[in-house]
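**Student:** A single structure is presented below for examination.
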Amino acid sequence: MPITYHEQKKLFSLAGENTEYIFALDYAGLIKHLYWGDKTSCLDDFDAGFTFEISSNDPSTELTPEEYSPWGGLRYKEPCIKTAFADGTRDLALVYKGHEISGAVVKINLADAHYPLSVTLCYRLIEDLDIIERWAEIANGGQEPVTLQSVASAEFNFKEEDLWQSNVFGHWISEQKMFRERLTPGKKVLESRRGGTGHNHSPYFILDNGADEDHGRVYFGVLAHTGNFKVTFEKTQYRTTRVVIGINDFDFSWQLKKKETFRTPSVFCGCTDKGFGDMSRRLSILALTSIMPENHRGAVRPVLYNSWEATLFNVTCQGQMELAEKAAGLGVELFVIDDGWFGQRHSDKAGLGDWYVNREKFPDGLKTLIEKVNGLAMDFGIWVELEMVNPDSDLYRKHPDWIYNFNNRTPSTSRNQLALNLCNPEVVAYLKGVMVSLLSDNNIAYVKWDVNRPISEPGALNLPIDDQESIWYRHTLAFYDIIETLRAQFPHVAFEACASGGGRIDYGCLMRFDQFWTSDNTDALDRLAIQEGYSYMFPAKAMRAWVTDCPNFIDKRSIPLRYRFHCAMMGSLGIGGNLNKWTGAEMEEAKAFVAQYKEIRNVVQEGLIYRISSIREGHAAVQYVLGGESVLFVFTRGEQFGRELFTITLKGLDPARRYTALIDGFPVEKSGDYFMKAGITLHLPGDYASKLVRITAKT
Ligand code: DGJ
């Protein structure tokens, strides 16, 4: 039985195919975490018992590994929930009231000992993936409002005192760079306070006790939330480790009115003893089978051309049509016009908010361009940045009060823009209206939704004073409401989440967008590291990757076209270079790569990823496997000291089957066992050398 309940012990077990998660009501009435690890056959031996205090300064509540610690009583650890009641009581005393088990879902009902406030801990087991979805529901059954001062999604307790945590760090053009560190005594916080998820860290935790790609215990949990998040790691005084993950409580509060329920974002968590690779593959299957928007989930991601780097704001109908012709000649299937098509948007100084077509650039609207693109057998896509406004725009001149700001403050501009107050229903209605017109009036198949600055001066003057600290989360909810409304009304349209590159890569967006723009950094060498970090938690199918021009606009580095294509072919292939400048030979080469990508893309987009070596170690080898098909990508920085051979032992093949690897055009036939033990040997001469090797099982 995947979910077992032991009545006498009030003990719950959620058992996946390989792992098990166990908790129970202890003698003190607390929901105590007991176990997370390999599946057991000794459930009867588990017992919540009682956690004894060490001293008057080390009380049992502080020591108990609770499933969801409230702030109240003798607790000094990072809480999951902190409340203030209308009469001034700031203490939450949760009492177990019962539970419900329905299919794969367990709900533990807790309520305050006095006030009519309930807290329900929810668990949904995804048995075949050994993943559990966790969230909490807080309901106010009383007449008076209750203030939620912090409300996390979940708490995790580990018996290990010596754990390592991995996450990404970076900034614009430097997203998703992986780091791994040993936790030290005290707290470690990874967070965003920007309103968006941001480029700095990602809302998840990965903990290991000495794992590598293929071996070792790894615990993970990824938060489905776009916005201010907080992950707190606590290496405790008591030789244990805690993690609390959820909405950031910094500058947060939520007035829970009578009869209202607050549902936290979900965390998808799991554990494996097969290293980081197994974690990534399980999450990727989860994303491909149940997280990504259902209506486009199974669809092949088209090869895209985006004209941003080619034209920037110098957009004209004629210029875009010329690029479209060239893109079509390469085999591109989706042509996307980026910034600059609307209002007085001739630079980043003006026009944001004015979502009508610039008639100087497009005299008869987008019709001519879209017809041209469709006539070339390509779909048409368009860029928007709905949540923002330039002060120099008709929208701002008409509605200067539609932005976030405080009284008596000058709002800070960034990239010459201000953030619209999405807590104001009029603003949301306006944004939905312009998008409904745009998508109804034009044959648009794809929307790239950008956001290019964090929120500041977070005041929403339409909200009451005691609701001001809710704006961060309300913004997220309004953003979700707009995208969900558009998806429901225009189910044929696919959406890409972009935030100055990869500032909105999270599971909240993965549930509502079909693609991520991974980074504005399109230098292929940097990109290998960015894509590697991305691959830990997110699927290749959602990763847009473009081939752009050299020298690269960021670092002036020149890298062969072949290497740039191979790098971008590891996700959803796009092209973002200025095709007017590509030589005939480059166009021919590009055409061949696009054709090759179409042959292998189902393996990349639907397959399982195996990271074999990292560009951080000098050369990268990444393999994708789908049934009997596999594709291996190998990259070096440059050969030194003569002929250097790389032997790469493959992964994920069936040892008993025979495969043919096509190496430099020559077929090499061996068993899966051979390729995974003896490997294949490759020579990659020169600077920035790369290879794509297809491995196919014999039928
Ligand atoms: C930032 C995005 O990341 C770019 O791809 C591009 O869309 C620009 N914004 C346009 O302003």
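The values are calculated or read from the model by the stated rules, or taken from the named source; none is laboratory data. Remember, predicted model here, so these are calculated numbers, not experimental data. Here the Cβ is made from the backbone with ideal geometry for all residues, glycine too, and neighbour counts use every protein chain on show.
**Student:** Can you tell me which of (1) outside any strand (DSSP E or B); (2) in contact with a Leu (Cβ under 8 Å, 6 or more places away or on another chain); (3) under 28 Å from G275 (Cα atoms); (4) hydroxyl-bearing (S, T, Y) is the one S41 doesn't meet?
**Tutor:** (2)
**Student:** Name the one entry in I54, I81, I22, I3 that is in contact with a His (Cβ under 9 Å, 6 or more places away or on another chain) and of a type in the set (V, I, T).
**Tutor:** Criteria check complete, one pass: I22.
**Student:** Would a scan of the stretch 269-281 turn up a residue that is β-branched (V, I, T), more than 27 Å from V451 (Cβ to Cβ) and either buried (at least 18 other Cβ atoms within 10 Å of the Cβ) or in contact with a strand residue (DSSP E or B) (Cβ under 7 Å, 6 or more places away or on another chain) (or both)?
**Tutor:** Looking for residues that are β-branched (V, I, T), more than 27 Å from V451 (Cβ to Cβ) and either buried (at least 18 other Cβ atoms within 10 Å of the Cβ) or in contact with a strand residue (DSSP E or B) (Cβ under 7 Å, 6 or more places away or on another chain) (or both), one finds at least one in the stretch 269-281, hence yes.
**Student:** Could you list, in sequence order, the residues of the stretch 412-427 that are under 22 Å from D339 (Cβ atoms) and not in a loop (DSSP other than H, G, I, E, B)?
**Tutor:** S414, Q417, L418, A419, L420, V427
**Student:** Then there is this: Could you figure out which of (1) surrounded by 21 or more Cβ atoms within 10 Å (Cβ to Cβ); (2) within 16 Å of the ligand (Cβ to nearest atom) isn't true of E309?
**Tutor:** Exception for E309: condition (1).
**Student:** Now for a different question. Looking at this structure, is N408 more than 16 Å from the ligand (Cβ to nearest atom) and in contact with a helix residue (DSSP H, G or I) (Cβ under 9 Å, 6 or more places away or on another chain)?
**Tutor:** Answer is no for this residue.
**Student:** Still on this structure, please answer the following. From G576, G584, grab the single residue that is surrounded by fewer than 24 Cβ atoms within 10 Å (Cβ to Cβ) and touching a Phe, Trp or Tyr at 6+ places or on another chain (Cβ under 6 Å).
**Tutor:** G576
**Student:** Give P454, P458, P491 a once-over and let me know the one that is touching a residue at least 40 places away in the same chain (Cβ under 8 Å), over 26 Å from H566 (Cα atoms) and within 16 Å of the ligand (Cβ to nearest atom).
**Tutor:** So the residue among P454, P458, P491 that is touching a residue at least 40 places away in the same chain (Cβ under 8 Å), over 26 Å from H566 (Cα atoms) and within 16 Å of the ligand (Cβ to nearest atom) is P454.
**Student:** Given the criteria surrounded by fewer than 23 Cβ atoms within 10 Å (Cβ to Cβ) and either farther than 30 Å from G576 by Cβ or among the β-branched types (V, I, T) (or both), does V447 qualify?
**Tutor:** It is false that V447 is surrounded by fewer than 23 Cβ atoms within 10 Å (Cβ to Cβ) and either farther than 30 Å from G576 by Cβ or among the β-branched types (V, I, T) (or both).
**Student:** In addition: Just checking, which of F490, F479 is out of contact with any strand residue (DSSP E or B) (no Cβ under 8 Å at 6 or more places or on another chain) and crowded, with 21+ Cβ neighbours inside 10 Å?
**Tutor:** Just one listed residue meets the conditions, F479.
**Student:** Still on this structure: Give S440, S470 a once-over and let me know the one that is of a type in the set (G, A, S), within 22 Å of D514 (Cα to Cα) and more than 16 Å from the ligand (Cβ to nearest atom).
**Tutor:** Answer to the selection: S440.
For every residue, the table says whether it meets (1) part of a helix (DSSP H, G or I); (2) at pLDDT below 95; (3) among the acidic types (D, E).
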{"position": "F495", "(1), (2), (3)": "no, no, no"}
{"position": "F516", "(1), (2), (3)": "no, no, no"}
{"position": "D526", "(1), (2), (3)": "yes, no, yes"}
{"position": "G533", "(1), (2), (3)": "yes, no, no"}
{"position": "H566", "(1), (2), (3)": "yes, no, no"}
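**Student:** I'd like to know if the stretch 509-532 contains one or more residues that are buried (at least 24 other Cβ atoms within 10 Å of the Cβ), away from the ligand (no atom under 16 Å from the Cβ) and charged (D, E, K, R).
**Tutor:** Yes; the residues of the stretch 509-532 include at least one that is buried (at least 24 other Cβ atoms within 10 Å of the Cβ), away from the ligand (no atom under 16 Å from the Cβ) and charged (D, E, K, R).
**Student:** Could you tell me whether any residue of the stretch 631-647 is assigned to a strand (DSSP E or B) and more than 25 Å from G533 (Cα to Cα)?
**Tutor:** Yes - at least one qualifying residue is present in the stretch 631-647.
**Student:** Could you list, in sequence order, all residues of the stretch 1-33 that are assigned to a strand (DSSP E or B) and free of Cβ contacts under 8 Å to residues at least 24 places away in the same chain?
**Tutor:** Listed by number, the list holds a single entry, E20.
**Student:** Look at F513 and say whether it is in contact with a Leu (Cβ under 9 Å, 6 or more places away or on another chain) and either closer than 23 Å to F268 by Cα or of a type in the set (F, W, Y) (or both).
**Tutor:** Criteria not met by F513.
**Student:** I've got another one for you. It is to be established whether one or more residues within the stretch 551-562 are outside any loop (DSSP other than H, G, I, E, B) and either at negative phi or within 14 Å of the ligand (Cβ to nearest atom) (or both).
**Tutor:** Yes: the stretch 551-562 contains one or more residues that are outside any loop (DSSP other than H, G, I, E, B) and either at negative phi or within 14 Å of the ligand (Cβ to nearest atom) (or both).
Condition check ((1) surrounded by 20 or more Cβ atoms within 10 Å (Cβ to Cβ); (2) aromatic (F, W, Y); (3) modelled with pLDDT of 95 or more; (4) not assigned by TED's automatic domain parsing to the domain that holds S280) across all residues:
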{"site": "G627", "(1), (2), (3), (4)": "no, no, yes, yes"}
{"site": "S630", "(1), (2), (3), (4)": "yes, no, yes, yes"}
{"site": "R643", "(1), (2), (3), (4)": "no, no, no, yes"}
{"site": "K651", "(1), (2), (3), (4)": "yes, no, yes, yes"}
{"site": "P667", "(1), (2), (3), (4)": "no, no, yes, yes"}
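**Student:** Return the residues of the stretch 109-140 that are over 24 Å from A287 (Cβ atoms) and among the hydrophobic types (A, V, I, L, M, F, W, C); say none if nothing qualifies.
**Tutor:** Across the stretch 109-140, the qualifying residues are L110, A111, A113, L117, V119, L121, I138, A139.
**Student:** Scan the stretch 549-561 and tell me whether some residue there is within 20 Å of V336 (Cα to Cα) and under 24 Å from the mean Cα position of the chain (by Cα).
**Tutor:** No - not one qualifying residue is present in the stretch 549-561.
**Student:** Go through V332, V315 for me and flag whichever is of a type outside the set (S, T, N, Q), touching a Phe, Trp or Tyr at 6+ places or on another chain (Cβ under 9 Å) and within 15 Å of the ligand (Cβ to nearest atom).
**Tutor:** V315
**Student:** I want to confirm something. Restricting to the stretch 649-699 and keeping residues that are outside any strand (DSSP E or B) and free of Cβ contacts under 8 Å to residues at least 24 places away in the same chain, which single residue is nearest to R562 (Cα to Cα)?
**Tutor:** Step by step, filter the stretch 649-699, then rank; the result is G665.
**Student:** When L386 is evaluated against the numbered criteria (1) aliphatic (A, V, I, L, M); (2) touching a helix residue (DSSP H, G or I) at 6+ places or on another chain (Cβ under 7 Å); (3) within 22 Å of K432 (Cα to Cα); (4) away from the ligand (no atom under 16 Å from the Cβ), which criterion, by number, is the only one it fails?
**Tutor:** (4)
**Student:** Another question, if that's okay. Here's a check for you: in the stretch 77-134, which residue that is assigned to a strand (DSSP E or B) and hydroxyl-bearing (S, T, Y) is farthest from H33 (Cα to Cα)?
**Tutor:** Ranking the qualifying residues of the stretch 77-134, first place goes to T83.
**Student:** A follow-up question, please. Would it be correct to say that D251 is of a type outside the set (S, T, Y), touching a residue at least 60 places away in the same chain (Cβ under 8 Å) and either assigned to a strand (DSSP E or B) or farther than 21 Å from L125 by Cα (or both)?
**Tutor:** Criteria met by D251.
**Student:** OK, next. Are any of the residues in the stretch 290-305 assigned by TED's automatic domain parsing to the domain that holds P551 and within 16 Å of the ligand (Cβ to nearest atom)?
**Tutor:** yes
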